[in-house]
Amino acid sequence: MRILVVEDEHQIANSIKKGLELEGFAADVAYDGIEGFDLASTEDYDAIVLDLMLPGMEGMEICRKLRQEKIHTPILILTAKGQLEDKVKGLNSGADDYLVKPFAFEELLARIRALIRRPKAANGTTLVVGDLSLNPLTFTLERSGKEIRLSNKEFGLLEFLMRHPGQIFTKDQIIGHVWNYDADILPNTVEVYVGYLRNKIDRPFPKKKALIHTVRGFGYKIG
């Protein structure tokens, strides 16, 4: 899952980015409002963490412009402006949640996960496809009751697919959601990681139906 952090305080932005990557997310950072809007409006993100007081373009203006352009990526405002009036303005501008600085990273992480959670694909916090179950909070994966260990990037790729069961994604779409914007990734990298997942999820269970599928000429899906 891929997150955009728009924050002009470099230390805060880089700390959030590092924390998210340790939790298995891909994370991009923009240090001003113009760059933040450009990335948010042209790249695919699963959530945006957005400061309000930004050089170039303020956070509320970014929210309004994104919603006017029919971009509905979940937005979490992260700001020092904690008055009720500020919260109301932020939410009315199109944001989905509002967190006041100083904050605990654990709360920020929980709010991000709540924003990107898809109830139709989840049973509580657990994502389930067939006999495969994945818990994004505990980083646990099981098939038919057997625990499966994944690397962070494998986990991120599988979580993305399991949040959209049955949906076909091209290699470029997968790269856009699982890897950072500035990552030097080639399309065959996706093939490699899909192969890693098959080796752990499908091949050890020969009596079970394969869950990861290649759709020739289109991409990959799980289901």
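Quick note: the coordinates plus some simple rules give every number you see, no bench work behind them. Keep in mind that what you see is a predicted model, and the values were worked out from it rather than measured. Cβ sites come from the backbone with ideal geometry, for glycine too, and all protein chains shown count toward neighbours.
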Cα-centred dipole magnitude for the chain, charges only on beta-carbon of K, R (+1) and D, E (-1), debye, nearest 20: 1480
How large is ³J(HN,Hα) for each residue in region 45-57, as worked out from phi by the Karplus curve 6.51 cos²θ - 1.76 cosθ + 1.60 (θ = phi - 60°), to whole Hz, x for Gly and Pro? 10, 8, 6, 10, 9, 10, 6, 8, 8, 10, x, x, 7
Provide the per-residue ³J(HN,Hα) series for region 26-39, in order, calculated from phi with Karplus coefficients 6.51, -1.76, 1.60 and θ = phi - 60°, each as a whole number of Hz, with x at glycine and proline positions. 8, 9, 10, 10, 10, 9, 8, x, 5, 4, x, 5, 4, 5
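Quick one: of Lys101/Lys153; Lys81/Lys153; Lys146/Lys207; Lys146/Lys208; Lys153/Lys200, which pairs are farther than 25 Å apart, Cα to Cα?
Details: Lys101/Lys153 30 Å; Lys81/Lys153 35 Å; Lys146/Lys207 14 Å; Lys146/Lys208 13 Å; Lys153/Lys200 14 Å.
Among Lys101/Lys153; Lys81/Lys153; Lys146/Lys207; Lys146/Lys208; Lys153/Lys200, the Cα-Cα distance tops 25 Å for Lys101/Lys153; Lys81/Lys153.
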Take every Cα pair under 8 Å in region 2-116 that's 6+ residues apart, average their separations, divide by the length, and report that relative contact order as a whole percent. 23
Across Gly59, Gly195, Gly24, the residue with the highest GNM fluctuation in the chain (Cα network, 10 Å cutoff) is Gly195
Which ³J(HN,Hα) values in Hz, rounded to whole numbers, follow from the phi angles of region 185-201 under the Karplus curve 6.51 cos²θ - 1.76 cosθ + 1.60, where θ = phi - 60° and Gly and Pro get x? 10, 9, x, 5, 4, 4, 4, 4, 6, 5, x, 4, 5, 4, 5, 9, 9
Name the shape class, rounded, prolate or oblate, that the alpha-carbon gyration tensor gives for region 2-116, where a ≥ b ≥ c are the square roots of its eigenvalues, rounded holds for a/c under 1.5, and otherwise prolate holds if a/b is larger than b/c and oblate otherwise. rounded
Size of the dipole of region 2-116 about the Cα centre, Lys and Arg at +1 and Asp and Glu at -1 on the beta carbon, nothing else charged, in debye to 20? 340
Report, to the nearest 10°, how far helix 152-162 tilts away from the longest principal axis of the Cα atoms in the chain, using its own Cα long axis and a range of 0 to 90°. 90
Taking every Cα atom in region 44-109, find the radius of gyration and the maximum pairwise distance Dmax, and write them in Å. 11.3, 32
CD proxy at 222 nm, helix term only [per DSSP H run n ≥ 4: -39500 (n - 2.57); per residue of the chain; nearest 500]: -12000 deg cm²/dmol
When only DSSP loop residues count, what trypsin sites (Lys or Arg not before Pro) in region 1-101 have their Cβ near at most 16 other Cβ atoms within 10 Å? Lys70
Quick one: what Rg and Dmax do you get for the chain from the alpha carbons, in Å? 18.2, 59
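I'd like the antiparallel share, as a percent to the nearest 5, of DSSP beta bridges with both residues in the chain.
Antiparallel bridges: around 50 percent, rounded to the nearest 5.
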